[in-house]
1. Hey, fewest Cβ within 10 Å first, where do His184, His34 land in order?
2. Among Gln224, Gln205, Gln213, whose mean-square fluctuation peaks in a Gaussian network model of the chain (Cα, cutoff 10 Å)?
3. Based on the Cβ-Cβ distance from Val237 to Leu38, what FRET efficiency comes out when R0 is 35 Å, to the nearest 0.05?
4. Taking 0.36 nm per residue of sequence separation and subtracting the Cα-Cα distance, how much length would be gained by fully extending the chain between Val3 and Val114, in nm to one decimal?
5. Give the distance, in whole Å, between the Cα centre of segment 247-302 and the Cα centre of segment 1-52.
6. Got a sec? How would Leu37, Leu138 order by Cβ neighbour count within 10 Å, fewest to most?
7. Quote the relative contact order of the chain in percent (integer), defining contacts as alpha-carbon pairs under 8 Å separated by 6+ residues.
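No lab work stands behind these numbers, since they all come straight from the coordinates. Predicted model, so just to flag it, every value in this text is computed and none were measured. Reconstructed Cβ throughout: ideal geometry from the backbone, glycine too, with neighbour counts over all protein chains shown.
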Amino acid sequence: MSVFDVRRIGGRIGAEVTGVDVRDLSDTIFGEIHAALLEHKLLGFRGQDLTDDDQVAFAARFGALTGAHPTVPAVAGRPEVLPVDSELARANHWHTDVTFVRTPPKISTLRALVVPPYGGDTLIANTASAYLDLPGELRELADRLWAVHTNDHDYVRPGTSGVDPAKAAEQRKVFLSRTWKTAHPVVRLHPESDERNLFIGGFAQSIVGLTSQREGRAILDILQTYVTRPENVVRWVWSPGDLVVFDNRNTQHYAPDDYGDLPRLLHRVTVAGDVPVGADGRRSYIVEGDDASHYTPAATAA
């Protein structure tokens, strides 16, 4: 008989949970899993072999769910499930999910349906340990900075192979069918652990108060190098049926485009999050676009 266990898989981020079926968790065991997620920021569950219904039910234990995406269509008949399909686009960039809206998801779940025989892994980074790595002077600067996050940039790009150019162009058109720009604190306070972390990533495109986007981009690039230091990153090697859960409030992730024209398909379900709060207590605000209430129920409580 298997025994529930949480085994660390990275020095600063990540743990594998064994001995559980996420379809059948007592409140006590789920509470331990939730606590482990806050501690390790990423949890992996091997061989769960879930259905979309199972994934949705598990994710919903963490809170109200978002829609699949603000603009990209969901899986047919499952409005909460986003297909992450390599045939449409490959978002091989460091990012935190949907930070261009005022209330980004708090938790993301990814489930592997089709994985290539090589490559196609997911890298996840601890943005809280990255913040602690900053030199004191840079940390004090970061505490005061705000960044504008937007979906209106060259984010969803076709991969080097395996992506039909026409499909990629259509996917980009859908992705940008509505535009959002939101100002978030560069240093975010985690609402449960109170940890500070670098809340930036691929959607962060400029710094509030700087007229030159080039200058803002340079500052963001410097901070981003701390996020992606190898000691802050763990690599999840997928097998079909795996489920990965990560805290979207203090992580970034990246899916390297390193598997040629082979298929890769994951399903994503995300949990609605709150309005980020900065080190000075101020809350994120909308620069352009609406509150995305069609996508996340958190918008009505913001």
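1. Details: His184 28, His34 16.
Taking fewest neighbouring Cβ atoms as first place, the list is His34, His184.
2. Looking only at Gln224, Gln205, Gln213, the largest GNM fluctuation is found for Gln213.
3. On the way: r = 24 Å, r/R0 = 0.69.
The calculated FRET efficiency here is 0.90.
4. Details: separation 111, 0.36 × 111 = 39.96 nm, distance 2.81 nm.
Length gained between Val3 and Val114: 37.1 nm.
5. Measuring centre to centre over Cα atoms gives 22 Å.
6. Numbers: Leu37 20, Leu138 15.
Ranking Leu37, Leu138 by Cβ neighbours within 10 Å, fewest first, gives Leu138, Leu37.
7. Values: 708 pairs, mean separation 101.5, N = 302.
Reported relative contact order: 34 percent.
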